Amino acid sequence: RGLLRPYPGCFPSFPRHLVSAPMFAVAVAALAFSPVALRTAVVSRSAAPMMSEGPIARREIFSKVLGSAALLTAAAASAEVDYAGVGYLGGSSTIDVNNANIRVYIKLPGMYPNAAGKLVTNAPYKNAGEMYTKCKFSASETAAVKKYESRFIFLEPKPEYIIDNINNGLYR
C-alpha cells in the first residue's frame with residue numbers, strides 16, 4: 001500500500017515493492033536526460049500534427065515533469081488569516097482604540113456618540129496622552145473617557161479595520 005507500481009521492466013535492479021512515487025518521479029526526470037530516450041523519442045505526424053518532427057528536447061520533457069510535480073505537491077500560501085488583536089475589537093473588556101469600530105463604544109455609557117466619534121475620527125494614537133491631545137474632548141467627554149481609560153490599549157493600526165472604523169455598513 002502507498003507504493004506506486006510502475007510498468008514492468010522500468011527498474012530491473014529494484015524489486016517492484018520498493019519503488020515509491022517520489023522515486024518513480026526522479027527516475028522519470030532522469031530518463032528525460034537519457035541520450036537513448038532522446039534518440040528514440042520521435043514524434044509522428046498522426047500523433048501530434050502541430051509539433052515538429054524532430055526529437056523532443058530535454059528541456060521540454062524536464063519542464064513538463066517539473067510542472068506536473070508542482071501541481072501534485074502544491075504548498076499552502078502563508079497568509080495572515082486573522083488579526084492577532086481581534087479580541088480587542090469589541091469582544092472583550094479591553095478595547096484596541098486604533099482598530100475598534102465606533103459601535104464598540106455604544107456599550108460604554110457616556111462615550112457614544114460624541115467622545116466615540118472623536119476617538120474614531122482622530123485615530124491612530126501611540127498612547128493615551130496623544131489621544132487626549134488629538135481629540136480635544138469637552139469636560140464631560142474627558143470624564144467619560146477617563147472612566148474607561150484603563151480598558152484601552154493602543155495596538156498598531158491595521159488598514160483592514162481603519163477603513164471601517166466609522167461606518168462598517170451594519171444598519172438596523
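Coordinate-derived values only; no laboratory data. As the structure is a computational prediction, the values presented were derived from the model and not from experiment. Backbone-built Cβ (ideal geometry, glycine too); neighbour counts: all protein chains shown.
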Descending packing, highest mean Cβ count within 10 Å first, for 136-149, 89-102 is 89-102, 136-149
Within-14-Å neighbourhood charge of I166 [Cβ basis; K, R +1; D, E -1] = +1
The answer for I95, listing residues at least 5 apart or on another chain whose modeled amide H is closer than 5 Å to its amide H, is F152, I153
Once you list every other residue whose beta carbon is under 11 Å from the beta carbon of V104, what net charge do they have if Lys and Arg are +1 and Asp and Glu are -1?
-> +2
